[in-house]
1. From the set of residues in segment 341-371 that are assigned to a loop (DSSP other than H, G, I, E, B) and touching a residue at least 60 places away in the same chain (Cβ under 8 Å), which is most open to solvent (accessible area, probe 1.4 Å)?
2. Which condition from (1) surrounded by fewer than 21 Cβ atoms within 10 Å (Cβ to Cβ); (2) under 19 Å from His303 (Cα atoms) is the one that Leu336 breaks?
3. Could you figure out which of (1) outside any loop (DSSP other than H, G, I, E, B); (2) closer than 22 Å to Leu212 by Cα; (3) open to solvent by less than 10 Å² (accessible area, probe 1.4 Å) isn't true of Arg146?
4. Inspect all residues belonging to segment 198-206 and state whether any of them is in a helix (DSSP H, G or I) and in contact (Cβ under 8 Å) with a residue 12 or more places away in the chain.
5. Pull up segment 47-69, narrow it to residues that are within 18 Å of Ser28 (Cα to Cα) and open to solvent by 50 Å² or more (accessible area, probe 1.4 Å), then point me to the one that is farthest from ligand 2 (Cβ to nearest atom).
6. Could you tell me which residue of segment 92-132 is nearest to ligand 2 (Cβ to nearest atom), considering only residues that are among the polar types (S, T, N, Q) and surrounded by fewer than 22 Cβ atoms within 10 Å (Cβ to Cβ)?
7. When Leu32 is evaluated against the numbered criteria (1) modelled with pLDDT of 95 or more; (2) within 16 Å of ligand 1 (Cβ to nearest atom), which criterion, by number, is the only one it fails?
8. Of all residues in segment 197-253 being away from ligand 2 (no atom under 16 Å from the Cβ) and basic (Lys, Arg), which is nearest to Glu90 (Cα to Cα)?
Amino acid sequence: MLNRRRWLAGSGAGVLGLAMGPPLLAASNDALMAAKPGLRQLNERPLNAETPAHLLADATTPTERLFVRNNGLLPSAMDAQTWQLSVAGESCIRPASFTIDELKTRFEQVSYDLQLECGGNGRAEFRPRASGNQWTTGAIGCPRWRGVRLRDVLDYCGVASDAVFVAYEASDRHLSGDPSKQVISRGVPLSKALEAESLIAFELNGEPIPELHGAPLRLVVGGWPGSVSGKWLTRLLVRNRVHDGPKMLGNSYRVPCEPVAPGADVPPGSMCIIESMPVKSLITSPASGVVVRAGKPLELSGHAWAGDLAVASMAISADFGQTWQSAELAQPRNRLAWQQWQGRVTLPTTGYFEIWARATDSLGRSQPMLVPGWNPKGYLNNACHRVAVQAVA
Ligand SMILES: Nc1nc2c(c(=O)[nH]1)N[C@H]1C(S)=C(S)[C@@H](COP(=O)(O)O)O[C@H]1N2
Ligand SMILES: [Mo]
């Protein structure tokens, strides 16, 4: 990491460390990724990594298997003892500031499994190609978060009647090195912010949130693109207009308001902010490429999720979609947590097969087989997941 090189260069002089106290440096990429065995690193700066489907079998995603999406560089300090969260904005009646201890003692603590999916998950399949991280299927997870409700903190500070949006600011560092530039500052309409599951979180899977995932405090707003779940949260803004921070405008996390032909030029005025993520599913077992027995039952399993909605049914096919059968689908642990499904197929002959899985949401909308709705930045690809299996005698 550039930062580490700078530090090493500085420490050669011998005085920097003494003059400035202990180095408040984020760990190197190698050290951070050592805690993520099996993840596929997409780039170095910023650091991004996705999880192969067969490593996502757990109902509650372990931290070591949660994908990583950064738009900038980690903050230089992430100390839970001294961290402050301030609440302000045009429509905040009583601006305030809280330490993490104050948040923990003043407000009820709650814990939910909440799915976190990058809006660009599946981007690699768009043609013409969309720029950005070439995520395949692995920018999704559903770990357990613990924190306080965003709405309780907003109630405490008072939300004026003209409030329409709640946005976050964070302390990660811009790639340009310019300290006056924010990496990302996004938000959600007030109604989403006030949902019971929208959290200001300080724990991930029972531990303090680790550096990569937003230590020591982050927002978690399940069911919407991951980019609204601000990591390294320093400030909340109650806004009287749609938030206009970095990555709210242009093609960022926005899609054409009406469908466009692949490759079309879309004027900014015709782009709409992404809200709920669409229905989607994963096959976590078997892993793609496995060799199985022909004529013997093959157990299938995975997860399905549908943004703000629930998944109503799950179908599987082992013959390229010519016939489908329904899979068993469990209830979510809580609203906005993905649901587990299980099925079984018997491959009739030896040879190459694919298992396809298709979820349908509570409004009757199913995943498409092919990449849907081309958009300039390649968001919202919820095409069915397919895995390859080779059946042998
Ligand atoms: N401050 C800050 N928050 C952020 C980001 C970021 O770059 N900086 N990335 C966002 C995006 S695009 C996603 S998909 C999620 C990823 O969260 P994770 O790295 O914990 O998986 O964090 C969101 N929150
Ligand atoms: Mo994202």
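The values are calculated or read from the model by the stated rules, or taken from the named source; none is laboratory data. Bear in mind that the values here come from a model prediction, so they are computed numbers and not experimental data. So basically every Cβ, Gly included, is an ideal-geometry build from the backbone, and we count neighbours across all protein chains shown. For the accessible areas, the whole protein counts, side chains as well, though only heavy atoms, and no ligand, DNA or RNA atoms are used. Shrake-Rupley method; radii C 1.70, N 1.55, O 1.52, S 1.80 Å.
1. Only one residue tops the list, namely Arg365.
2. All conditions are met except number (1).
3. (3)
4. First pass over segment 198-206, keeping only residues in a helix (DSSP H, G or I): none.
No, that holds for no residue.
5. Per the stated criteria, the residue is Glu64.
6. Step one: list which residues in segment 92-132 are among the polar types (S, T, N, Q), which gives 97, 99, 105, 109, 111, 115, 121, 131.
Pick out the ones that are also surrounded by fewer than 22 Cβ atoms within 10 Å (Cβ to Cβ) and you get 97, 99, 105, 109, 111, 131.
Working: Ser97: 28, Thr99: 28, Thr105: 32, Gln109: 27, Ser111: 23, Ser131: 14 Å.
Here the residue is Ser131.
7. (1)
8. Going through the qualifying residues, I end up with Arg239.
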